[in-house]
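In what follows, a single structure is set out as structure tokens and then discussed.
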Amino acid sequence: MARATDRNKGELMVSFVSHAQNREDVLLWRALNDVEQGRYIDLGAAAPVTDSVTFAFFQRGWSGINVEPVRTLFDQLQAERPRDINLNIGAGEATDERTLHELVGTGLSTFEGKEAARLARSVGCDTRTAQTQIRPMGEVCREYGFNTAHFLKIDVEGMEEQALRGFDFGYCRPWIVLVESTIPNSRVQRFRSWEPLLTRQGYDFALFDGLNRFYLCEQHKHRMSRLSVPVNVFDGYRTAAEFFLARRAEDERQTKEALEASLEHERTKAEQRSQAEKQATAQARAEAEAQSRARDEAQAQARACEAATVALRSEFERALTAARAQHQQAEARAVASEAQAERADSRAAASDQRALAEKRERQSTQARLAEVEQQAARAAQAAQAAAVAAADAAREAVQQAELTAQRHQSALQQQEQVSKAQRNQLQSRMEMEHRAAQEAKQLHRELLDAHVALEAGYLQLQAQSKAQQRQLKSSQTATRRAQDHSRQQKAQLVALEADLASLKNAYQALDASLHQALEQVTAQSRQAERQDQELAGRDQALRTADFRIESLRAELAESERQERARSQQLQWVYESRSWQITAPLRFVSRAVGASLRLLARMGFEALIFLTRPLLRPLLKRRSVFAFGVQLFNRAPALKSVVRDILARRGLLPGGIVASGGLPPVQTTAVAAVNSTQAAAKPVKSHEPVTERVVEQAPEPTIDAAVFARVRNRLGPVKSPS
């Protein structure tokens with residue numbers, strides 16, 4: 001469909017969505033599209049959107065008065081038209097209360113009971129009644145101060161005349177008035193009773209669109225060119241069905257795009273989840289490997305700890321054995337030292353007696369000291385750090401013994417002191433050995449504690465290893481679950497992709513079907529518009545023919561009435577005594593007239609015969625003959641006589657007049673009177689039959705062929721001599 005643009009304001013209009021039943025709003029918008037925030041009055045508003053003439057204007061900022069007597073439709077207007085003045089009344093000539101007949105489920109209603117019964121029978125539905133107030137619109141407009149309206153629409157199902165009589169055109173004068181002028185659910189017009197009410201108010205008829213008649217106020221005649229043309233393709237409008245279908249297709253397209261975007265988002269999220277699960281799986285696998293490595297390291301550490309523990313245990317056992325042996329040796333040395341001390345005491349007591357054997361004793365002492373030194377060295381080597389102190393003490397003791405032995409030669413008196421010193425030294429050495437034994441015991445305890453700590457660490461390592469093994473098993477289980485979930489997600493992703501492909505195919509098919517349906521609806525709409533235009537033209541032709549037929553019927557009725565009156569008058573005349581008395585006079589007058597006509601014909605023929613030598617040269621001239629033909633054609637009576645004479649003399653062509661002559665022809669008026677009289681009056685026995693009028697065909701005119709034939713019959717023209 002061609003779309004118009006707003007190049008000339010008031011002539012072409014932008015794309016317009018029509019909600020009206022018969023596209024009335026398109027025509028009104030074409031005529032009033034230069035008005036901003038206009039006002040309207042809608043009598044019989046019906047639904048606020050469906051088949052509404054004013055909804056498109058309401059969407060563009062207009063407002064007005066909506067009158068709707070049906071309560072359910074009024075409630076819808078109240079909800080959908082908050083800017084308008086909505087009234088639940090009927091429009092009439094005066095304030096009253098009447099019964100409203102509503103046709104259930106059709107949107108039709110009327111205050112006429114017979115009309116409601118007829119509509120219910122034709123539509124096949126039930127009716128319900130309600131008492132409704134009737135008010136004149138002039139009073140309503142004054143009540144609300146509504147003195148300006150750009151168009152008035154009236155659809156009141158048979159109460160158009162009462163609504164117009166109740167409207168005050170002096171207070172509120174709409175620019176355009178459209179009235180539904182057909183009987184509901186039919187094409188029969190009904191406007192002669194109320195149309196004079198508009199024409200007397202200065203409204204001119206502009207257009208009939210097959211349902212409504214449009215009238216334009218004389219103050220706005222410049223808009224007649226916009227209003228007098230039916231709705232056509234150049235109005236650039238769309239029907240509400242096309243608009244809602246396009247909007248539904250757009251909504252479904254947006255829904256499809258949103259669904260596709262949602263599916264794409266879900267697929268992206270699924271891919272991200274799958275990627276995250278893959279990363280989590282890889283991370284879990286890395287953690288599991290790290291835990292496995294940690295477990296191996298812990299096991300290696302545990303094995304190293306076990307080996308170290310075994311080595312420590314063996315070393316401890318060896319040290320303990322050596323300490324015990326050193327302790328026993330120290331005890332034995334202490335016993336030996338005590339015995340030696342005792343022997344030294346005995347030797348000191350017998351020193352005086354063995355003065356001579358001092359050298360031998362010194363040697364023996366040195367040998368014993370060497371032996372003690374060796375024993376101390378072995379004890380020092382066995383007792384480690386404690387033995388070092390004992391060896392030092394032994395060396396000190398040896399040194400002291402050497403000093404004592406050296407001094408023994410100088411002073412025997414100091415022998416006793418040396419013995420006591422040795423005794424003290426032996427005691428100190430025993431104490432040192434005892435401390436060494438205690439230190440060995442402490443070392444043993446420390447080794448036992450270290451062994452216990454090592455065993456506890458080993459147990460802890462075993463517990464950690466077991467926990468790591470359990471964690472590894474749980475991580476492996478989580479990894480397997482993640483792998484299973486990933487496989488399920490992949491399967492779901494594949495299923496979602498298949499569903500997406502099927503949905504895409506379904507939406508493509510739905511889109512194609514919607515486009516096809518839209519094209520079909522558009523084609524049907526165009527075909528319906530063409531059919532409506534054809535029907536409108538045919539309806540106009542039918543209305544014109546009906547109007548002509550009605551006028552012809554009226555003329556025929558008038559003619560019949562006049563004919564009956566004339567027939568009655570003729571009948572009175574024929575039955576009158578004067579007519580019967582004057583019958584012989586009429587017979588005589590007709591006979592005299594026929595005789596005079598016969599004499600005139602005979603005299604004309606004699607004149608022609610006598611003037612023939614003179615007429616021949618004149619008739620040879622074409623201009624004279626043409627002048628005579630024109631003269632005869634202008635005088636029907638003279639032409640008839642001349643034609644009869646020429647026909648009897650054979651001067652006319654055979655195609656014009658048949659041989660044998662023609663009966664006399666009277667004028668048209670006389671023939672009509674005679675035919676009327678002949679039809680009205682029976683033929684009487686004393687009247688001649690030749691008085692009847694015979695209707696003739698249209699008389700032919702004398703042309704060049706007749707002139708040539710006459711010239712040939714007259715022969716050559718003689719010289720004046």
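The values are calculated or read from the model by the stated rules, or taken from the named source; none is laboratory data. The shown structure was predicted, so the numbers you read here are calculated from the model rather than taken from an experiment. As a convention, Cβ positions derive from the backbone with ideal geometry for all residues, glycine included, and neighbour counts pool all protein chains shown.
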> Here are some conditions: (1) surrounded by 13 or more Cβ atoms within 10 Å (Cβ to Cβ); (2) farther than 30 Å from Thr281 by Cβ. Leu496 meets all but one. Which one does it not meet?
Replying inline: (2)
>> So for region 567-574 (the condition being of a type in the set (Phe, Trp, Tyr), farther than 30 Å from Arg643 by Cα and part of a helix (DSSP H, G or I)), does at least one residue qualify?
In response: yes
>> Going residue by residue through region 98-110, is there one that turns out to be over 22 Å from Leu227 (Cβ atoms), surrounded by fewer than 22 Cβ atoms within 10 Å (Cβ to Cβ), free of Cβ contacts under 8 Å to residues at least 60 places away in the same chain and acidic (Asp, Glu)?
In response: no
>> Looking at region 189-213 only, could you name the residues that are among the hydroxyl-bearing types (Ser, Thr, Tyr) and either out of contact with any Leu (no Cβ under 9 Å at 6 or more places or on another chain) or surrounded by fewer than 16 Cβ atoms within 10 Å (Cβ to Cβ) (or both)?
In response: Ser193, Thr199
> Do we find that Glu402 is surrounded by 18 or more Cβ atoms within 10 Å (Cβ to Cβ), at pLDDT below 70 and of a type in the set (Asp, Glu) in this structure?
Replying inline: no
>> Restricting to region 607-627, name every residue that is closer than 15 Å to Ile645 by Cα and modelled with pLDDT of 70 or more.
In response: Leu607, Ile608, Phe609, Leu610, Thr611
>> Only one of Ser274, Ser228 is within 30 Å of Leu472 (Cβ to Cβ) and either under 18 Å from the mean Cα position of the chain (by Cα) or surrounded by 11 or more Cβ atoms within 10 Å (Cβ to Cβ) (or both). Can you tell me which?
In response: Ser274
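Here's the yes/no breakdown for (1) over 24 Å from Leu32 (Cα atoms); (2) outside the structural domain of Cys125 (by TED's automatic domain parsing); (3) out of contact with any Lys or Arg (no Cβ under 6 Å at 6 or more places or on another chain):
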residue	(1), (2), (3)
Met159	yes, no, yes
Gly166	yes, no, yes
Phe169	no, no, yes
Cys172	no, no, yes
Leu178	no, no, no
Ser193	yes, no, yes
Leu198	no, no, yes
Gln201	no, no, yes
Asp204	no, no, yes
> How many residues are of a type in the set (Gly, Ala, Ser) and either surrounded by 21 or more Cβ atoms within 10 Å (Cβ to Cβ) or over 26 Å from Leu32 (Cβ atoms) (or both) when one looks only at region 59-87?
Replying inline: 2
>> Suppose we keep only residues that are over 41 Å from the mean Cα position of the chain (by Cα) and among the acidic types (Asp, Glu) within region 116-171. Which one would you say is farthest from Leu197 (Cα to Cα)?
In response: Glu143
> On the given criteria, is Ala46 touching an Asp or Glu at 6+ places or on another chain (Cβ under 8 Å), assigned to a loop (DSSP other than H, G, I, E, B) and buried (at least 19 other Cβ atoms within 10 Å of the Cβ)?
Replying inline: yes
> Where residues in region 143-180 are modelled with pLDDT of 90 or more and small (Gly, Ala, Ser), which of them is surrounded by the most Cβ atoms within 10 Å (Cβ to Cβ)?
Replying inline: Ala163
> Does at least one position in region 536-554 carry a residue that is surrounded by 10 or more Cβ atoms within 10 Å (Cβ to Cβ), more than 30 Å from Ser228 (Cβ to Cβ) and among the charged types (D, E, K, R)?
Replying inline: no
> Of Tyr458, Tyr507, which residue is at pLDDT below 75, over 37 Å from the mean Cα position of the chain (by Cα) and more than 27 Å from Gln279 (Cβ to Cβ)?
Replying inline: Tyr458
> Got at least one residue in region 136-144 being charged (D, E, K, R) and under 21 Å from Leu100 (Cβ atoms)?
Replying inline: yes
> For region 30-41, what are the residues that are buried (at least 21 other Cβ atoms within 10 Å of the Cβ) and closer than 19 Å to Val231 by Cβ?
Replying inline: Arg30, Ala31, Leu32, Tyr40
